[in-house]
1. Any idea how many residues of segment 139-197 are closer than 17 Å to Arg115 by Cα, touching a residue at least 60 places away in the same chain (Cβ under 8 Å) and part of a strand (DSSP E or B)?
2. For segment 99-136, which positions are β-branched (Val, Ile, Thr) and more than 9 Å from Tyr156 (Cα to Cα)?
3. Those residues that are hydroxyl-bearing (Ser, Thr, Tyr), within 21 Å of Val341 (Cβ to Cβ), free of Cβ contacts under 8 Å to residues at least 40 places away in the same chain and surrounded by 18 or more Cβ atoms within 10 Å (Cβ to Cβ), I need them from segment 280-319; list them, please.
4. If we scan segment 215-226, do we find a residue that is among the charged types (D, E, K, R), farther than 19 Å from Pro66 by Cβ and assigned by TED's automatic domain parsing to the domain that holds Gly328?
5. Anything in segment 198-221 that is touching a residue at least 24 places away in the same chain (Cβ under 8 Å), among the polar types (S, T, N, Q) and not in a loop (DSSP other than H, G, I, E, B)? List them, or say none.
6. Report yes if Ser108 is crowded, with 16+ Cβ neighbours inside 10 Å and of a type in the set (S, T, N, Q), otherwise no.
7. Quick one: in segment 200-229, of everything that is in contact with a helix residue (DSSP H, G or I) (Cβ under 9 Å, 6 or more places away or on another chain) and under 26 Å from Ile19 (Cα atoms), which residue is surrounded by the most Cβ atoms within 10 Å (Cβ to Cβ)?
8. Could you tell me whether Arg418 is loosely packed, with under 15 Cβ neighbours inside 10 Å, at pLDDT below 95 and assigned by TED's automatic domain parsing to the domain that holds Val43?
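The values are calculated or read from the model by the stated rules, or taken from the named source; none is laboratory data. Every value quoted in this text rests on a predicted model; they were computed, and no experiment measured them. Heads up, the Cβs are rebuilt from the backbone with ideal geometry, glycines too, and the neighbour counts pull from every protein chain shown.
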Amino acid sequence: MIAPLDTNDPIDTKRSILIIGGGITGMTVAIEAAEAGLTAHIVEASASLGGRVAQLATYFPKMCPPSCGLEMNYRRMRNQDRIRVHTLSQVTRVEGSRGKFQVTVEHSPRRVRDRCTACDACVEPCPVHRDDPHNLGLTSIRAIGLPFDMAYPHRYAIDSVTCQSPTCSACVDACKVGAINLNEPTTQEVLDVGAIVVATGWQPYDATKLTNLGFGSHSDIITNLMMERITSPQGSTNGRIVCPSNGRAPSTIAFIQCAGSRDNQHLPYCSSVCCAATMKQVLSVRAALPNTRIRVFYIDIRTLGRLEHLTTRASDSEHVSFERGKVGRISIIDDVPHLHVENTLTGAVSSVAADLVVLATGMVPSIRHQPLPFDLLLDDWHFGITDTDRTGIIAAGCARRPFSVAESVRDATAAVLRAMHCFSTATAATRSR
């Protein structure tokens, strides 16, 4: 635990921290900051906290379901009155400097007030269906509902893009506690904070750009994050590993590593966790479908340190093969994906049929496609660079570089220490004057 700051400090009224992003990094920053005596404001664009971790089936090295870690964080947040959660919100303006920022936050209407009991009575009457963003479009949901089962805050929200209000009020009529307000306005507020932590996380690389690998041309060519939703017991198929095209269990699954990564035409860097994520998914398939043939095509296998055991465990089966090869393209023959693979050692080219193809796409920092309304130093790949002494703005987690869940949590704790440094140096400057 981080030691609390001296509460007798003369700038105590400014001892607040703003966290942009409510994923595992943002939540950890808020919790550690609050327990160290800071007031923490989480600004999250979606309707709930949890980020990408909430979409995983399990995460390594312990192979725990996300419900375990998320519930622990949710509980710590509920018990901490120094944390302010602002969902469906975004930062629109930042003024000031290290130790004394004025941040304008815009709150989009949730349209469901906190008296909501999550009773589900409003969902069935809703006539509007939309792609479920939590399941990456593999399923559909209504315009009103929980983002996912254990969402925090545990309160329904209405999707403003697809909702037909004010012409439709079916949910209003169905709600017995009067929690729905379709006319809720957009609001703004200004927060005074001493430091800003950018914890905006990551997005999967856009697989539609991998035109040679056929994503979008056949529903049985999916990404590794989509595979997470398929293997999750709370996912699109309740954990049944099936082909999206026909709902049948695949007899052969092909995993393609570095799909767009380490490629100057797409992502020139390694995202560091894709190989371990594939090993984890191979283990999930083996447990559920022990007779399914699994073929992993790779350039290199990079499961470093404690994660090396994942590769050892995943390869310990006669039904699993690791094949050094570059998949040049995927063709659809008789409605079945066929991989054209070049063996990078011998140069031989072969054609491999697979019922299900999983593309291991890499991590892209979210700020690459959703720029912030203030200056943040970026590297060549749009990951954030922290310059605490000069700016008081701190990049953390996958906004700073590709990280695993455990690494993101550690980096979040380091971000709190950097924020506390902002306060101490600002105080020293005030005293010197």
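1. So the count comes out to 3.
2. Val103, Thr104, Val105, Val123, Val128
3. Once the filter is applied, which keeps residues that are hydroxyl-bearing (Ser, Thr, Tyr), within 21 Å of Val341 (Cβ to Cβ), free of Cβ contacts under 8 Å to residues at least 40 places away in the same chain and surrounded by 18 or more Cβ atoms within 10 Å (Cβ to Cβ), segment 280-319 yields only Thr311.
4. Looking through segment 215-226, at least one residue is among the charged types (D, E, K, R), farther than 19 Å from Pro66 by Cβ and assigned by TED's automatic domain parsing to the domain that holds Gly328.
5. Gln203, Asn212 - these are the residues of segment 198-221 that are touching a residue at least 24 places away in the same chain (Cβ under 8 Å), among the polar types (S, T, N, Q) and not in a loop (DSSP other than H, G, I, E, B).
6. Taking the combined requirement at face value, the residue satisfies it.
7. Thr200
8. Answer is no for this residue.
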